[in-house]
Amino acid sequence: MKTFIKRTCTYVALLGAGLAAGAASAAELRLSVETPPGHLRNRTAEHWAELIEEKTEGSVTVSIFPAAQLYKSADAVRALASGALDMSIQANPTLSQFEPNLSVLSLPAFYGASGDDVLELLAGPVGDELWDMVGRLNIHVPEAGPFLYAPNNTAYTAGKQISSYEDLSGVKLATPPSPIVVNLLKALGAAPQATPRSEIVLQLSQGQIDGLGAVTDLTIMGGKLWEAGIDHVFVDNAGWGIYIPLISQRSLDKLSEAEQAAIEEAWAETVGWAGEQSAADRAEARSVNESHGITYTEATPEQIESMKATLLAAQADIVKSGGMDADFVERADAALNGM
């Protein structure tokens, strides 16, 4: 990623020169997430906020608004772009509504990719391109970048066991609001419906949907969705979810260089912590879900490879219909295959 501001030495110098000048009028930033308290995203936001206050010696404070108190996911991105909201942490499918190329991690080429492969890819030129694209939305991604959330699975269902891709035919699945994810699930034969997280429980209880598609074990555990009827998972590791720290460029521009540097440093320290927390949460999530009666069916390697080959044949059309840059996707595929 292009360096937002020179690291450590510049940061220390700016602290000495700039924070005292800004101390008279502390900046109060608002950070919105739609997940409930205790969720990994919220814990990460809290960690980041504490470090920001510490590193700016109180000249910048961050108030966290969980559970969509301020904005639902897509509305938070719009608010960041306009400057109505200062900060957020968003998943790549949500942000892909505004920058379609962020759906690259959900494309068939990424089926079966490891978390290390994804992080390595995003730490290089492919990541640089993506964050520059987000920058055109007037939203800044801190230099240290995203952290892994979890591998996606194609189907989490209520009262409907999925044991093969053929079983997905006509199944109504709530999906993250990503056109690429929707088109992929359609290619699998399902009936996907882009649905805000805050509406999933109601739609499950009313029978409007059969389950969730292209989400993770952590989504189920975090929302306690067994209480809404989710009782089965079809496990196929269909791409990766990441969490991306976001700052409104308008909000950032109002801060001193010292404060901006401190926010960058705070995230650089937070992202490693968040990655460790995410790994621990992933290890816990399946056992918790199983303890609440959710059963798991593992797709066989043969099933996954067969479906991946089918979807790869359709990938060019999915990329085009999703408004993605085909040249960028080609570069991402080449970088992934070169690892």
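For region 308-327, indicate whether the set of residues that are open to solvent by 10 Å² or more (accessible area, probe 1.4 Å), more than 25 Å from Leu122 (Cα to Cα) and part of a helix (DSSP H, G or I) is non-empty. Within region 308-327, one or more residues are open to solvent by 10 Å² or more (accessible area, probe 1.4 Å), more than 25 Å from Leu122 (Cα to Cα) and part of a helix (DSSP H, G or I).
Scanning region 52-82 for residues that are open to solvent by less than 20 Å² (accessible area, probe 1.4 Å), part of a helix (DSSP H, G or I) and modelled with pLDDT of 95 or more gives Ile52, Ala76, Val77, Ala79, Leu80.
The single condition from (1) at pLDDT 95 or above; (2) part of a loop (DSSP other than H, G, I, E, B) that Met339 fails is (1).
Of the residues making up region 294-307, those that are of a type in the set (Ser, Thr, Tyr) and open to solvent by less than 60 Å² (accessible area, probe 1.4 Å) are Tyr296, Thr297, Thr300. The set of residues in region 193-213 that are open to solvent by less than 20 Å² (accessible area, probe 1.4 Å) and either within 27 Å of Val329 (Cα to Cα) or among the acidic types (Asp, Glu) (or both) comprises Thr195, Leu212, Gly213. Output the number of the condition that Phe147 fails; it satisfies all remaining conditions of (1) in contact with a Lys or Arg (Cβ under 9 Å, 6 or more places away or on another chain); (2) buried (at least 18 other Cβ atoms within 10 Å of the Cβ). Every listed condition holds for Phe147 apart from (1).
Among the residues of region 118-141, those identified as more than 21 Å from Gln97 (Cβ to Cβ) and either in contact with a Gly (Cβ under 6 Å, 6 or more places away or on another chain) or not in a helix (DSSP H, G or I) (or both) are Ala123, Gly124.
Between Leu225, Leu173, Leu218, Leu188, the distinction of being in contact with an Asp or Glu (Cβ under 6 Å, 6 or more places away or on another chain) and either closer than 22 Å to Thr295 by Cα or open to solvent by 20 Å² or more (accessible area, probe 1.4 Å) (or both) belongs to Leu218 only. Against the numbered list (1) without any contact (Cβ under 8 Å) to a residue 60 or more places away in the chain; (2) open to solvent by less than 10 Å² (accessible area, probe 1.4 Å); (3) under 16 Å from Arg41 (Cα atoms); (4) not aromatic (Phe, Trp, Tyr), Gly241 comes up short only at (1). Looking only at region 291-307, filter to residues that are aliphatic (A, V, I, L, M) and outside any helix (DSSP H, G or I); which one of those is modelled with the lowest pLDDT? So the residue we want is Ala299.
Table: residues versus (1) closer than 29 Å to Pro179 by Cβ; (2) in contact with a Gly (Cβ under 8 Å, 6 or more places away or on another chain); (3) open to solvent by less than 70 Å² (accessible area, probe 1.4 Å).
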residue	(1), (2), (3)
Glu265	no, no, yes
Glu269	no, no, no
His292	no, no, no
Asn337	yes, no, no
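Here Leu85 fulfils each of the conditions (1) crowded, with 21+ Cβ neighbours inside 10 Å; (2) outside any strand (DSSP E or B); (3) out of contact with any Lys or Arg (no Cβ under 8 Å at 6 or more places or on another chain) apart from (3). Restricting attention to region 88-105 and to residues that are open to solvent by 10 Å² or more (accessible area, probe 1.4 Å) and farther than 17 Å from Arg136 by Cα, the residue that is nearest to the chain's Cα centre (by Cα) turns out to be Ala91.
The values are calculated or read from the model by the stated rules, or taken from the named source; none is laboratory data. Computed from a predicted structure; not experimentally measured. Virtual Cβ from ideal backbone geometry, glycine too; neighbours counted across all protein chains shown. We work out accessible area using only protein heavy atoms, side chains counted, and drop any ligands, DNA or RNA first. Shrake-Rupley method; radii C 1.70, N 1.55, O 1.52, S 1.80 Å.
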